[in-house]
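K.L.:
Let me begin by handing over the structure; questions about it come next.
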Amino acid sequence: MKRIICTPDDLMRVRIGAPLGAIAETMLASRVVQRRNVAGFAGWRSQIRGAIPANFGVLTDILPADDSFLDLITPTRGARTMSAGIEALHLASRDELRMEVESVLRRRAGKGQRPLPSWTAELADRDGTARRTVADAVEAFHSVAFAGRWAHIQSYLEVAAERMARTLATEGVERLFAGLHPYVSWRAPVLEVHRTTPCHDEHLDGRGLIIIPSMFAWPEPLTLYSLVDKDAPMTVIVPVLRDIGDFAAVWGPRAPNEALTALLGRTRAAALQVIAEGCSTTELARRLGVSPATASEHASILREAGLIESWRHRNAMRHEVTTLGAALLDGDLASARIA
């Protein structure tokens with residue numbers, strides 16, 4: 001049981017945070033793959049296990065399913081896209097990463113667990129080689145774990161965050177706490193987060209609390225905090241999926257969208273669908289049966305319309321649909337957040 005003791009000032013500082021972003025949610029997904037009893041995730045886990053990338057061992061070393069994982073979520077949280085998350089990882093404080101590695105080493109030693117691999121000590125180095133190793137492993141697993149569904153999942157999580165924020169604003173903090181998750185309970189002034197492992201009490205002392213919905217924080221909520229900023233709010237990451245029906249709603253197949261075809265034209269609508277599965281410009285050209293120059297032109301138009309995002313990965317231009325692009329594909333513009 002994790003007991004979070006709140007002062008009146010803390011309750012005034014409770015807020016709902018934006019979803020974690022692509023890199024952090026992928027890290028959590030890697031932990032779910034390693035679990036044996038995955039309940040509602042069993043079908044997903046079975047589907048992707050045959051396509052696990054060769055460098056997945058990097059993630060199992062630093063992100064095991066137990067509570068001795070290396071917290072790279074805190075320094076990258078809020079980075080919405082994969083490219084932004086990788087940049088955040090490379091820019092993360094050297095002191096923060098050094099302290100996190102040392103903290104996990106102490107925790108594992110105290111439990112008689114296998115220590116972190118020696119290369120993790122280099123996460124604090126300026127050359128970024130170890131960070132690049134982690135980023136490559138996360139990127140490779142992301143394409144397998146989400147199979148082009150990331151923007152759709154991101155949209156689902158954003159809606160969940162907005163729903164929590166409305167509850168907080170209109171019904172108050174106690175009502176928010178009451179509906180967070182079966183593993184969370186409120187007994188003033190203590191927020192209890194049910195955990196299978198023993199935990200020490202956490203006194204917020206005015207720091208406040210950030211609550212974030214997640215798909216792959218499972219089965220229990222996670223509690224994270226900054227090692228370098230002692231005044232930063234504590235973060236509670238809450239699972240949004242409660243049963244197999246929830247999973248089906250967020251992961252279900254897309255129906256053909258004829259209205260989108262009429263709006264964009266058949267080829268460009270097909271390009272958006274291909275990009276939703278995650279691809280480079282070269283892969284897009286091959287899938288559409290057009291030249292790379294034509295594929296690049298289609299991607300440029302979709303990007304200018306705000307339907308996709310693009311970033312350079314090594315020698316290739318990678319593309320991914322935005323929340324708006326996913327909403328168009330799903331025929332669900334009501335859930336799209338248009339700036």
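K.L.:
State the volume of the convex hull built on the alpha-carbon positions of segment 176-215, expressed per residue in Å³ and rounded to an integer.
P.N.:
Cα convex hull per residue, to the nearest whole number: 102 Å³.
K.L.:
Over segment 22-152, what is the relative contact order in whole percent, taking alpha-carbon pairs under 8 Å and six or more residues apart?
P.N.:
34
K.L.:
May I ask which residue of Trp44, Ala165, Leu72 lies farthest towards the positive end of the charge dipole of the chain, with charges of +1 (Lys, Arg) and -1 (Asp, Glu) on Cβ and the Cα centre as origin?
P.N.:
The Cα lying farthest towards the positive end belongs to Trp44.
K.L.:
Taking only DSSP H segments of four or more residues, each worth -39500 (n - 2.57), what value at 222 nm results for the chain once the sum is divided by all its residues, to the nearest 500 deg cm²/dmol?
P.N.:
One gets -14000 deg cm²/dmol as the mean residue ellipticity at 222 nm.
K.L.:
Please give the net charge around Val290, taking every other residue with its beta carbon less than 15 angstrom from that of Val290, where Lys and Arg add +1 and Asp and Glu add -1.
P.N.:
Once all neighbours under 15 Å are counted, the net charge is +2.
K.L.:
When the scattering of segment 115-212 is computed by the Debye formula from its Cα atoms alone, each counted once and equally, what is log10 I(q)/I(0) at q = 0.23 Å⁻¹?
P.N.:
Summing over Cα pairs of segment 115-212 leads to -1.09.
K.L.:
What whole number of Å gives the distance from the Cα centroid of segment 265-291 to the Cα centroid of segment 63-97?
P.N.:
Measuring centre to centre over Cα atoms gives 31 Å.
K.L.:
For a test of the definition: using alpha carbon positions, the gyration tensor, and the 1.5 limit on a/c, classify segment 18-60 as rounded, prolate or oblate.
P.N.:
oblate
K.L.:
Take the solvent-accessible surface of the protein heavy atoms, probe 1.4 Å, and return the percent of it on the chain that carbon and sulfur atoms account for.
P.N.:
52
K.L.:
Taking the Cα centre of the chain as origin, sum charge times position over the Cβ atoms of Lys and Arg (+1) and Asp and Glu (-1), and report the length of that vector in debye to the nearest 20.
P.N.:
The dipole magnitude comes to about 620 debye.
K.L.:
Quick one: compute a quarter of the convex hull surface over the Cα atoms of segment 254-330 and quote it in nm².
P.N.:
4.6
K.L.:
Where does each of Ser83, Ser68 land when they are ordered by accessible area, with a 1.4 Å probe and the largest first?
P.N.:
Putting Ser83, Ser68 in descending order of accessible area: Ser83, Ser68.
K.L.:
Along Cα→Cβ, 7 Å out, is where each label goes; now give me the distance between the ones at Arg312 and Ala262 in nm to one decimal.
P.N.:
4.1
K.L.:
If you don't mind, there's one more thing I want to ask. Please report, in cubic angstrom per residue, the volume enclosed by the convex hull of the alpha-carbon atoms of segment 2-247.
P.N.:
Expressed per residue, the convex hull around the Cα atoms of segment 2-247 is 121 Å³.
K.L.:
Given the options His298, Gly85, Gln34, identify the residue whose Cα lies farthest towards the positive end of the charge dipole of the chain (+1 on Cβ of Lys, Arg; -1 on Cβ of Asp, Glu).
P.N.:
Farthest towards the positive pole: Gln34.
K.L.:
A further question on this structure: Based solely on C-alpha atoms, express the radius of gyration and the Dmax of segment 55-137 in angstrom.
P.N.:
12.3, 37
K.L.:
Next up: Identify which of Thr170, Thr81, Thr322 has the largest mean-square fluctuation in a Gaussian network model of the chain, with springs joining Cα atoms closer than 10 Å.
P.N.:
Among Thr170, Thr81, Thr322, the largest mean-square fluctuation in the Gaussian network model of the chain belongs to Thr170.
The values are calculated or read from the model by the stated rules, or taken from the named source; none is laboratory data. Predicted model only: the values in this text are computed from it and were never measured. Here Cβ is always computed from backbone atoms with ideal geometry, including for glycine, and neighbour counts include all displayed protein chains. Quick note on the areas: whole protein, heavy atoms, side chains included, nothing else; ligands and nucleic acids left out. Shrake-Rupley method; radii C 1.70, N 1.55, O 1.52, S 1.80 Å.
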